[in-house]
Amino acid sequence: MTDQQDARVLDETARRRTFAVISHPDAGKSTLTEALALHAEVIDSAGAVHGKSGRKGVTSDWMEMERTRGISVSSAVLQFAYRDNVINLLDTPGHGDFSEDTYRVLAAVDAAVMLLDAAKGLEPQTLKLFDVCRSRGVPVITFVNKWDRPGREALELLDEVEQTIGLRPMPMTWPLGIAGQFKGLIERETGEYTAFLRAAGGATKATATVVDAETAKAEEPLYWQAAQDELELLDEIGAVWDEKDFLTGKATPVLFGSALSNIGVARLLDTLVDLAPAPAPRPDAEGHDRPLAAPTAGLVFKVQAGMDRAHRDRMAFLRICSGRFERGMVLTHAETGKPFATKYAQSVFGNQRTTVEEAFPGDIVGLVNANALRPGDTLYASDPVEFPTIPAFAPEHFAVVRCKDAGKTKQFRRGIEQLGNEAVIQVLRSDLRGDQAPVLAAVGPLQFDVVTARLETEFNAPVTLDRLPFQIARLTDAEGAAALSAQSETEVLRRDSDGEYLALFSNKWRMDIVIRKFPDVRMDAMPAGS
Ligand code: G4P
């Protein structure tokens, strides 16, 4: 590449912010995504910016944008411009769609927004996703949502974050008024106060007005005093901004707001732009950083198979890690050395797909016809590279799978092997269970549905699944397998993909008993393990 091309890649990369929202169902992720998009300018496939800028955030704008640009809050990736930056918001499917893919998305982001419901604080799914962020060194910004309705105390929520996950909170804004009595936000650094007024006539969106301290104090004397006392306390305990602690995962900037009322949402975008890291050189499998201006290379972090028999195509989601991607380039699949044509490069917005002409580090490209690609694979244009693969995550659901039709055992075996290779599901085996009844291990039950459907439609092998009463898995070794073989409510199996031994336990209590009984046996947690 010429110096000029290098400079362009570096410049475009510096503008990118690629992140995901981690939250528990109902915390307000969809509402926040909508609210974020309302502040955004939409970018078309050629990277040009369209649409209205600014914050005329009303529902009709959003619906219009959704209609004309094909954006949906169920998007795989929402790309938009904010200030001078390009924001890539990756979806982390939750609810019934929760699966190992949800975790894998976190291999493709540079930051995460941890969304908390002010009344509920840290909830189980948030904790699991946070655990993956921590294991991958992804810095986390915390947004306390739903401050417009009754909830817990701000200090209590901060304390919970610090005590439960050991992340030091660094509030950037502070709410005036308890949860449910949201008056406005005070900027920690400047002391500037912004009051939020609900529009008359029942509209949910609020308008923001900067108000001087004297007026605010006169209007809300009690809340003002309480907020000043709390701010003093925060200064005293050292809950202050520290960039290094944020980037190394020791501390989290905290913002308060209400996605539904559009309060604090622009502040969140500003925080992402100002504080979250731009894409950085990604280490390859040997630990050497791939320079951002190196030839094009990317990491496949998710592969989606069409569940429809008529559409067998598979779409791979590639996170660009270096260089400029251009549609039509022929990349090399690092794992097989085979060429991969990128004529059908798309960005996926809900049901709609738009062609991607070019992309830069931090961007996500959907590649059609990606039947040979698996999550964790690398594609590069030249100057070969292989990024570390994405590790398997702690499964929490287990089932024995059997072929319904004795005449289809060959197809069944081939299908299981293929789906295990594609990392659609973890396949576990033991001599005891034999080849005809392997155990499938999943992060979310959705993965079982995908496997069942694909075995039937693609491999012509209808199966039955019998759920097993295990909930927790730990990595062990051959010695562990021997030691644990006679324990009740415990089973050790071997994982096809990497040969690791997994010890399965019916519950945490059972696992603790076994760990106490065999203190010297290897029993390692996997990311997102409880
Ligand atoms: P999710 O994607 O994380 O599952 O959450 P979602 O955005 O669907 O929000 C869950 C519920 O919380 C919705 O209410 C939504 O309106 C509400 N909500 C989200 N953000 C806020 C907020 O800042 N303040 C308040 N008061 N509510 C918020 P719902 O009743 O389940 O759905 P709907 O009938 O309102 O759509």
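The values are calculated or read from the model by the stated rules, or taken from the named source; none is laboratory data. The structure displayed is predicted, hence computed values, not measured ones. Here Cβ is always computed from backbone atoms with ideal geometry, including for glycine, and neighbour counts include all displayed protein chains.
Listing for the model above:
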read-out: Where a residue in region 354-383 is without any contact (Cβ under 8 Å) to a residue 60 or more places away in the chain and its partner, wherever it lies, is surrounded by fewer than 17 Cβ atoms within 10 Å (Cβ to Cβ) and part of a loop (DSSP other than H, G, I, E, B), with Cβ under 6 Å and at least six apart; value: V368/D313; N369/D313
read-out: Filtered residues of region 330-352 (kept if surrounded by fewer than 17 Cβ atoms within 10 Å (Cβ to Cβ) and on the phi < 0 side of the Ramachandran plot); value: V330, E335, T336, K338, P339, A341, K343, N351, Q352
read-out: Qualifying residue in region 123-134 (condition: closer than 28 Å to P277 by Cβ, at pLDDT below 85 and within 14 Å of the ligand (Cβ to nearest atom)); value: no
read-out: Matching entry among T194, T209 (being free of Cβ contacts under 8 Å to residues at least 40 places away in the same chain and in contact with a Gly (Cβ under 6 Å, 6 or more places away or on another chain)); value: T194
read-out: Residue match in region 389-407 (condition: surrounded by fewer than 20 Cβ atoms within 10 Å (Cβ to Cβ), in the same structural domain as P462 (by the TED database) and in a helix (DSSP H, G or I)); value: yes
read-out: The lone exception for E160 - which of (1) within 15 Å of the ligand (Cβ to nearest atom); (2) in contact with a strand residue (DSSP E or B) (Cβ under 9 Å, 6 or more places away or on another chain) it fails; value: (1)
read-out: Every residue from region 239-266 that is assigned to a strand (DSSP E or B) and more than 16 Å from the ligand (Cβ to nearest atom); value: A251, T252, P253
read-out: Meets criteria (in contact with a Cys (Cβ under 8 Å, 6 or more places away or on another chain) and outside any loop (DSSP other than H, G, I, E, B)) for F412; value: yes
read-out: Counted residues, region 78-115 - those being acidic (D, E), away from the ligand (no atom under 13 Å from the Cβ), under 22 Å from S347 (Cβ atoms) and within 16 Å of the chain's Cα centre (by Cα); value: 2
read-out: Criterion (surrounded by fewer than 22 Cβ atoms within 10 Å (Cβ to Cβ), within 16 Å of the ligand (Cβ to nearest atom) and more than 14 Å from F246 (Cα to Cα)) met by exactly one of A118, A154, A195, A208; value: A208
read-out: Of residues in region 11-23 being more than 7 Å from the ligand (Cβ to nearest atom), in contact (Cβ under 8 Å) with a residue 60 or more places away in the chain and not aliphatic (A, V, I, L, M), the one surrounded by the fewest Cβ atoms within 10 Å (Cβ to Cβ); value: R15
read-out: Options F518, F505: the member that is more than 26 Å from I425 (Cα to Cα) and in the same structural domain as V439 (by the TED database); value: F518
read-out: Positions within region 135-151 being within 12 Å of the ligand (Cβ to nearest atom) and either of a type outside the set (V, I, T) or out of contact with any helix residue (DSSP H, G or I) (no Cβ under 7 Å at 6 or more places or on another chain) (or both), in sequence order; value: F143, N145, K146, W147, D148, R149, P150, G151
